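Down below is the structure, laid out as structure tokens.
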Amino acid sequence: MTEHVEQLEFQAETHQLLELMIHSVYSNKDTFLRELISNSSDALDKLRLESYRDKDLHVDTSDLHIELAVDKDNRILTVRDNGIGMSRAEVVDLIGTLAKSGTAELRKKLNEAKSAGTVDTAELIGQFGIGFYSTFMVADKVTLTTRRAGETEGTRWESAAGSSTYTIETLDEAPQGTAVSLHLKPADEEDHLFDYTLEWKLREIVKKYSDFISWPIRMQVERTVTEGEGEEKTEKTVVEDQTLNSMKALWTRPKSEVSDEEYKEFYKHVSHAWDDPLEIIPLKAEGTFEYQALLFLPSQAPFDLFTREHKRGVQLYVKRVFIMDNCEELMPEYLRFVKGVVDAQDLSLNVSREILQQDRQIQMIRKRLVKKVLSTVKDLQGAEDPQKYQTFWKEFGRVLKEGLLGDVDNRETILQVSSFASTNSETELTTLAQYVARMPEGQDAIYYMTGETRQQIESSPHIEAFQAKGREVLILTDPVDEMWVGSVPEFDGKPFTSIAKGEVDLESEEEKKASEALREQQDKDFAEVLSWLGKSLADSVKEVRLTSRLTTSPACLVGDVFDFTPMLERMYRASGQLMPETKRILELNPTHPLVTGLRDAYDTRKEDADAGKVPELTETAELLYGTAVLAEGGELKDPARFAHILTDRLTRTL
């Protein structure tokens, strides 16, 4: 050994840490190349910055680049750059993170990472150390040659996988920058260890992880070219330099400098879809922490939007280095249709950069992205071209309304940008603001009804009085509507009120005074038959009462204000949840001939009916209840008995 070469030995605990880095931290072996290119990119950034700071630093910055060189015969892959390089002391400090004594701090970080701790990306991206050692996943031996800009001597570092030693050597000559040479292990596809001398594989990794690195990533490739024509035509193999990455990080460029075609191409790249984007949403944040985003609203919903297999989230980059494809932490479930990228300057990742940690930065970015998306939808709503908003709502309205359940902070905005069918128009949707603006004087609630189809709701007995009075009712037919109406109390100070729950009072003060005597008389006339019906139908209803909500139907079923609707109960049961049976209230129309006829029949045979000796009356009560169930689209408990009674009655009439 000379004074220029040192052979050092890993400490026992350090060797264990190195084994942990190689076999446990990284789940995808391809990421070794991402790490090396990321280091090279940072070295080039630092050289350019240093050349601005130090005018006495004589370096050539005209052709800064990263190069991949392949020696297929010896199975050596080299990643080199002409960036800032490292001095011998920096090699010991940075690459020796695991090699030098005093590894307790690093081991502590790894242990914290294993239990969901974080390591700041400033210590990972763009520096050697943790990421550099990922090379031992794919290499038997790693050699690093480097020279810092402005210095004359270089440094070579070398170690073999599984070795307990490494060497550091001072070189009299070395090119400026850093070159990392990997003596590759044999390919083993079962272990997901690929042949990294193959051109297509290197292209694939660069395209996936490093396509938007701002420096060119070059590689010499062999191409067969044809020269001459006819009989003189010959083929020969030439070697040419090709740039593997696009370097087109559209999110870093002003919108005015990017063409529509470039945006469309990029959208299809990140979304893996064939449609064109409906809207483009650029975003840039500066301050405590910086990030840029380029989001897209699709024009068509993917076929798997409502399946468990659907992957949501945007692509995450840190300093233009790809981190993950579907970052769910940055986009809530109800915005799962949003596609795009987020590029942060500094984020808390775990040691392998493969899992994003929950911290304040993530939450703040997510909050800003959500507000930007919702404000964009709101802008579409008020834009001169209403077709864009209509397309958006048709494709994604059902999904967006899911946010009313969980996103309390943005609930008001979601309500504002939502549209609903209503009895005001058969073809046009209405916003809540438009509904409130049309409310007549004296109306203090937003009326709605949920159901499976518009036809079912419009045919329901519950809506009769509202149609007669000219009161607008929201028609809610999406399954999610059954959920959010129970969680959202009001809009613009107007409470949401179901026309199928509770008691309805649509009369003005003058109308109440005029009909007060009539109501009192009806209550008196029907008191006994209502009591009898309540006992006869006790297994099915909790109460029988008169109502003013019916105009042409004899009866309807309503729930108490806080009861589940029948449709919601069916949804819960279909999902496997046990639901207790909820009895509802049977409301009767006191002016309908069937109801008045039932009252008169009961009055003439009151004692026998109370004793259960008049089965015809009991059957009539069952038919009355059954028709109310069917009128709202419900299911009978015993349809065979209902059909038998009905058939028997029809036979008697012939």
message = Out of everything in the stretch 245-292 that is assigned to a helix (DSSP H, G or I), in contact (Cβ under 8 Å) with a residue 60 or more places away in the chain and not hydroxyl-bearing (Ser, Thr, Tyr), what residue ends up being surrounded by the fewest Cβ atoms within 10 Å (Cβ to Cβ)?
response = Val270
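Take the residues in the stretch 591-624 that are assigned to a loop (DSSP other than H, G, I, E, B) and of a type outside the set (A, V, I, L, M, F, W, C); name whichever of them is nearest to Gln522 (Cα to Cα).
The qualifying residue nearest to Gln522 (Cα to Cα) is Thr591.
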task = Hey, can you tell me all the residues within the stretch 293-305 that are touching a residue at least 40 places away in the same chain (Cβ under 8 Å) and over 19 Å from Pro332 (Cβ atoms)?
result = Ser299, Gln300
request  = Identify the residue in the stretch 489-532 that is in a strand (DSSP E or B) and touching a residue at least 60 places away in the same chain (Cβ under 8 Å) and, among all such residues, is surrounded by the most Cβ atoms within 10 Å (Cβ to Cβ).
outcome  = Ser498
Within the stretch 470-511, tally of residues that are within 19 Å of Thr565 (Cα to Cα), over 34 Å from the mean Cα position of the chain (by Cα) and among the acidic types (Asp, Glu) = 1
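Please find, among Glu222, Glu229, the residue that is over 35 Å from the mean Cα position of the chain (by Cα) and over 19 Å from Ala69 (Cβ atoms). Working first, answer last.
On the way: Glu222 fails: over 19 Å from Ala69 (Cβ atoms).
Criteria check complete, one pass: Glu229.
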query = In the stretch 525-553, what count of residues is obtained for those that are touching a Phe, Trp or Tyr at 6+ places or on another chain (Cβ under 7 Å) and small (Gly, Ala, Ser)?
reply = 1
task = Select from the stretch 573-590 the residues that are outside any helix (DSSP H, G or I), exposed (fewer than 15 other Cβ atoms within 10 Å of the Cβ) and not hydrophobic (A, V, I, L, M, F, W, C) and list them in ascending order.
result = Ser575, Gly576, Gln577, Pro580, Glu581, Thr582
query = Any idea which of Pro282, Pro254, Pro216 is in the same structural domain as Gln361 (by TED's automatic domain parsing) and at pLDDT 90 or above?
reply = Pro282
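Quick one: would you say Val221 is touching a residue at least 12 places away in the same chain (Cβ under 8 Å), part of a strand (DSSP E or B) and surrounded by 14 or more Cβ atoms within 10 Å (Cβ to Cβ)?
yes
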query = Would you pick out the residues in the stretch 24-73 that are under 22 Å from Leu244 (Cβ atoms), touching a Gly at 6+ places or on another chain (Cβ under 9 Å) and outside any helix (DSSP H, G or I)?
reply = Leu64, Ile66
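Residue by residue, here is whether (1) within 21 Å of Glu426 (Cα to Cα); (2) of a type in the set (S, T, N, Q) holds:
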| residue | (1), (2) |
| --- | --- |
| Met439 | yes, no |
| Ala445 | no, no |
| Met449 | yes, no |
| Thr453 | yes, yes |
| Phe466 | yes, no |
| Arg471 | yes, no |
| Ile475 | yes, no |
| Ser487 | no, yes |
| Phe491 | no, no |
key: Residues (surrounded by 18 or more Cβ atoms within 10 Å (Cβ to Cβ) and either part of a strand (DSSP E or B) or of a type in the set (Val, Ile, Thr) (or both)) located in the stretch 293-316   = Ala293, Leu294, Leu295, Phe296, Leu297, Pro298, Val314, Gln315, Leu316
request  = Could you tell me whether Ala301 is in contact with a Phe, Trp or Tyr (Cβ under 7 Å, 6 or more places away or on another chain) and under 16 Å from Ile362 (Cα atoms)?
outcome  = no
message = Residues that are assigned to a loop (DSSP other than H, G, I, E, B), modelled with pLDDT of 85 or more, more than 13 Å from the chain's Cα centre (by Cα) and surrounded by fewer than 18 Cβ atoms within 10 Å (Cβ to Cβ): does the stretch 357-365 have at least one?
response = no
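Residues checked against (1) among the acidic types (Asp, Glu); (2) modelled with pLDDT of 90 or more:
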| site | (1), (2) |
| --- | --- |
| Thr604 | no, yes |
| Asp608 | yes, no |
| Lys613 | no, no |
| Ala621 | no, yes |
| Ala628 | no, yes |
| Lys637 | no, no |
| Thr647 | no, yes |
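Yes or no, residue by residue, for (1) touching a Gly at 6+ places or on another chain (Cβ under 6 Å); (2) of a type outside the set (Lys, Arg); (3) at pLDDT below 95:
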residue: Lys372; (1), (2), (3): no, no, no
residue: Glu384; (1), (2), (3): no, yes, yes
residue: Gly406; (1), (2), (3): no, yes, yes
residue: Arg411; (1), (2), (3): no, no, no
residue: Leu415; (1), (2), (3): no, yes, no
residue: Tyr435; (1), (2), (3): no, yes, no
residue: Gly442; (1), (2), (3): no, yes, yes
residue: Glu458; (1), (2), (3): no, yes, yes
Residue ID - nearest to the chain's Cα centre (by Cα), chosen from residues in the stretch 321-340 that are in a loop (DSSP other than H, G, I, E, B) and surrounded by fewer than 22 Cβ atoms within 10 Å (Cβ to Cβ) = Arg336
Inter-residue pairs, beta-carbon under 8 Å, first in the same structural domain as His462 (by TED's automatic domain parsing) and in the stretch 623-644, second β-branched (Val, Ile, Thr), 6+ apart = none
task = Of all residues in the stretch 59-70, count the ones that are over 18 Å from Phe32 (Cα atoms) and more than 40 Å from the chain's Cα centre (by Cα).
result = 5
query = Before we move on, is Tyr435 hydroxyl-bearing (Ser, Thr, Tyr), on the phi < 0 side of the Ramachandran plot and more than 23 Å from the chain's Cα centre (by Cα)?
reply = yes
inquiry  = Considering only the stretch 504-524, I want to know if a residue exists there that is under 21 Å from His462 (Cβ atoms) and modelled with pLDDT of 90 or more.
reply    = yes
inquiry  = Tell me which strands (runs of 3 or more DSSP E) are completely within the stretch 421-482 and hold 1 or more residues being among the polar types (S, T, N, Q), surrounded by 15 or more Cβ atoms within 10 Å (Cβ to Cβ) and in contact (Cβ under 8 Å) with a residue 40 or more places away in the chain, or say none if there are none.
reply    = 425-431, 446-450
task = Go through the stretch 74-97 and give me each residue that's among the charged types (D, E, K, R) and either not in a strand (DSSP E or B) or not assigned by TED's automatic domain parsing to the domain that holds Thr135 (or both).
result = Arg75, Arg88, Glu90, Asp93
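The values are calculated or read from the model by the stated rules, or taken from the named source; none is laboratory data. Model, not experiment: these values are computed from the prediction. Reconstructed Cβ throughout: ideal geometry from the backbone, glycine too, with neighbour counts over all protein chains shown.
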